[in-house]
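Right, one structure below, let's go through it.
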Amino acid sequence: MTTQTQSPSATAPLALVILAAGKGTRMRSDLHKVLHPVAGRPMLLHLMASAAQLAPARQVVVAGHGRDQLEKALGGSATIAVQEPQLGTGHAVQQAQGALDGFAGDVLILYGDVPFVRAQTMQAMLDRLHAADAPAVVVLGFRPDDALQYGRVIAEGDRVVKMVEHKDASEAERACTLCNSGLMAVKGSDLFALLAQVGNDNAQGEYYLTDIVNVANAAGKTCAVVVTDDPDEVAGINSRAELAQAEGRWQQRRRLAAMADGASLVAPETVWFSHDTVLGRDVTVEQNVVFGPGVTVADNVVIHAFCHLEGCTVASGVSLGPFARLRPGAALEQNSRVGNFVEVKNARLGAGAKANHLTYLGDADVGAGANIGAGTITCNYDGYFKYRTVIGERAFIGSNSALIAPVRIGADAIVAAGSAVSRDVSDGELRLVRAEQLVKPGWADRFHDAMKKKKAESKK
């Protein structure tokens with residue numbers, strides 16, 4: 001993107017107006033359309049995270065249906081303005097007037113269902129707004145492979161001559177390939193004066209936001225277009241199918257970024273990232289691995305196939321999986337090992353500790369060098385409260401043991417296989433909790449003979 005020379009006023013404060021009043025009927029969902037997640041984050045919050053790089057002074061989200069859901073998701077980070085009834089995009093922006101009362105900076109008009117607009121694209125629009133020719137409105141245009149039903153931007157160079165919705169466009173105008181994304185940058189001192197002059201004499205009977213360009217042009221003012229070089233960043237999401245397509249595009253970009261940053265993905269198309277996944281260098285990720293939100297992986301980690309990670313930290317040198325699950329609060333320290341069919345939740349494995357198979361470690365603190373045998377579980381919940389298990393350094397927990405929390409296993413202690421431990425074990429102690437074995441010679445032979453005879457008699 002290229003822009004003209006900026007004026008000194010390009011450092012004006014910024015306000016965001018994000019339109020999210022649509023009913024989203026094509027989603028067929030009780031969840032507000034803009035709260036449907038991509039890569040584990042609601043699409044609205046993707047957009048706001050990008051815009052946050054521009055340090056907006058005010059943020060207004062225009063809502064209609066699902067206002068309560070939006071308020072909860074935003075947590076007070078933006079002002080909610082209500083559009084009721086919905087009379088078009090121009091009418092929607094007008095509902096932000098009260099929230100922007102007295103604001104004289106720049107206004108970016110964005111859409112909550114267009115989540116992947118880059119911060120540099122938004123900045124390019126603001127830069128163009130403050131170019132020497134002082135345009136009244138800057139619109140963001142794009143050139144899709146198929147213009148479909150998009151509104152058109154009729155331009156000479158980067159000067160906008162006319163904005164027209166597809167339904168109102170002539171055949172000649174529809175032949176134009178420069179399309180309107182809907183995003184605009186306008187000075188706050190101009191925005192609502194322009195909107196006040198917009199009418200609804202069109203095919204839809206609505207107040208189109210795009211008409212502020214035509215109003216400004218009619219008044220002899222300049223309007224400009226900035227064209228993105230990536231049409232995907234302005235793709236709207238209106239249905240479950242489009243949501244899945246957006247997820248696919250996002251994942252593909254993230255996989256390429258991970259490999260460019262020094263991670264090896266054995267089968268990239270089978271690895272799924274979250275919006276905040278952090279991978280170190282020389283990490284190997286095998287097939288069918290899913291990263292949920294809140295995962296940080298350090299350098300030189302191997303994540304074997306079919307693992308699921310969420311809300312956890314993995315230190316350098318760790319080996320994980322295959323078929324392992326790390327749940328929120330799991331922390332694997334340097335060179336620890338978690339093997340197949342092991343689940344870790346709200347638990348720490350110290351440096352070099354091992355839980356190689358068929359184990360559940362919940363609400364636990366496992367010391368460095370400890371070994372957790374197959375079939376071990378920490379019994380951390382009594383139906384009402386959670387309790388913690390502490391396992392000391394170099395302790396050995398035999399297979400098929402149940403550690404009934406709260407309980408502490410000392411350093412260098414040994415818990416014999418098959419034990420159910422409900423009391424603390426001292427350092428260096430052996431704890432063996434088993435029922436006495438009974439031996440009855442010949443009992444099995446007599447049992448088999450009796451049952452075979454009974455079965456034979458039943459067939460007579």
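Just checking: which of the strands (runs of 3 or more DSSP E) contained wholly in the stretch 132-197 hold 1 or more residues that are free of Cβ contacts under 8 Å to residues at least 40 places away in the same chain, more than 17 Å from ALA12 (Cβ to Cβ) and open to solvent by 60 Å² or more (accessible area, probe 1.4 Å)?
Result: 152-156.
Here are some conditions: (1) of a type in the set (A, V, I, L, M); (2) within 21 Å of CYS179 (Cβ to Cβ); (3) open to solvent by 30 Å² or more (accessible area, probe 1.4 Å). VAL213 meets all but one. Which one does it not meet?
That leaves (3) as the condition not met.
Give ILE404, ILE377 a once-over and let me know the one that is touching a Cys at 6+ places or on another chain (Cβ under 6 Å) and open to solvent by 40 Å² or more (accessible area, probe 1.4 Å).
From the options ILE404, ILE377, the qualifying one is ILE404.
Please go through the stretch 202-225 and pick out each residue that is assigned to a helix (DSSP H, G or I) and over 15 Å from GLU156 (Cα atoms).
ASP211, ILE212, VAL215, ALA216, ALA218
Take the conditions farther than 19 Å from GLY410 by Cβ and out of contact with any Asp or Glu (no Cβ under 9 Å at 6 or more places or on another chain) and apply them to ASP363. Does it pass?
Taking the combined requirement at face value, the residue does not satisfy it.
If you scan the stretch 51-77, which residues turn out to be closer than 17 Å to LYS23 by Cα, without any contact (Cβ under 8 Å) to a residue 24 or more places away in the chain and more than 19 Å from the chain's Cα centre (by Cα)?
Correct list: ARG67, ASP68.
List the pairs whose first member sits in the stretch 233-248 and is open to solvent by 30 Å² or more (accessible area, probe 1.4 Å), whose second member is part of a helix (DSSP H, G or I), and whose Cβ atoms are under 7 Å apart, counting only residues at least 6 apart or on separate chains?
Filtered contacts from the stretch 233-248: ASN238/ARG26; ARG240/MET27.
Report those helices (runs of 4 or more DSSP H) wholly inside the stretch 60-131 carrying at least 2 residues which are closer than 17 Å to LEU191 by Cα and modelled with pLDDT of 95 or more.
Here the list reads 89-94, 119-129.
Between a first residue in the stretch 278-297 that is in contact (Cβ under 8 Å) with a residue 60 or more places away in the chain and on the phi > 0 side of the Ramachandran plot and a second residue that is part of a loop (DSSP other than H, G, I, E, B) and open to solvent by 40 Å² or more (accessible area, probe 1.4 Å), which pairs have beta carbons less than 7 Å apart while being 6 or more apart in sequence or on different chains?
Final answer for the pair search is none.
Yes or no, residue by residue, for (1) hydrophobic (A, V, I, L, M, F, W, C); (2) out of contact with any Ser or Thr (no Cβ under 6 Å at 6 or more places or on another chain); (3) buried (at least 19 other Cβ atoms within 10 Å of the Cβ):
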position: ALA355; (1), (2), (3): yes, yes, yes
position: TYR360; (1), (2), (3): no, yes, yes
position: ALA368; (1), (2), (3): yes, yes, no
position: ILE372; (1), (2), (3): yes, no, yes
position: TYR381; (1), (2), (3): no, yes, no
position: PHE385; (1), (2), (3): yes, yes, no
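If I filter the stretch 45-59 down to residues being among the polar types (S, T, N, Q) and in a helix (DSSP H, G or I), which single residue comes out as surrounded by the fewest Cβ atoms within 10 Å (Cβ to Cβ)?
GLN53
Residues being more than 13 Å from SER239 (Cβ to Cβ) and either part of a loop (DSSP other than H, G, I, E, B) or open to solvent by less than 40 Å² (accessible area, probe 1.4 Å) (or both): count how many of those fall in the stretch 24-42.
The qualifying residues number 9.
Select, from PHE323, PHE341, the only residue that is in a strand (DSSP E or B) and open to solvent by 50 Å² or more (accessible area, probe 1.4 Å).
After applying the criteria, what remains is PHE341.
May I ask you to say which residue of ARG434, ARG408 is over 44 Å from the mean Cα position of the chain (by Cα), basic (Lys, Arg) and more than 25 Å from HIS308 (Cβ to Cβ)?
Sole residue among the options that is over 44 Å from the mean Cα position of the chain (by Cα), basic (Lys, Arg) and more than 25 Å from HIS308 (Cβ to Cβ): ARG434.
Going through THR284, THR222, THR228, THR270 one at a time, which residue ends up being open to solvent by less than 40 Å² (accessible area, probe 1.4 Å), among the polar types (S, T, N, Q) and under 16 Å from ILE303 (Cα atoms)?
The conditions single out THR270.
What pairs come out if I take residues in the stretch 81-103 that are aromatic (Phe, Trp, Tyr) and pair them with residues that are open to solvent by 30 Å² or more (accessible area, probe 1.4 Å) whose C-beta lies under 8 Å away, six or more apart or interchain?
From the stretch 81-103, the pairs are PHE103/PRO13; PHE103/ALA57; PHE103/ARG58.
The values are calculated or read from the model by the stated rules, or taken from the named source; none is laboratory data. Keep in mind the model is a prediction, meaning the values are calculated, not measured. Virtual Cβ from ideal backbone geometry, glycine too; neighbours counted across all protein chains shown. The area values use the complete protein model at the heavy-atom level, side chains included, leaving out ligands, DNA and RNA. Shrake-Rupley method; radii C 1.70, N 1.55, O 1.52, S 1.80 Å.
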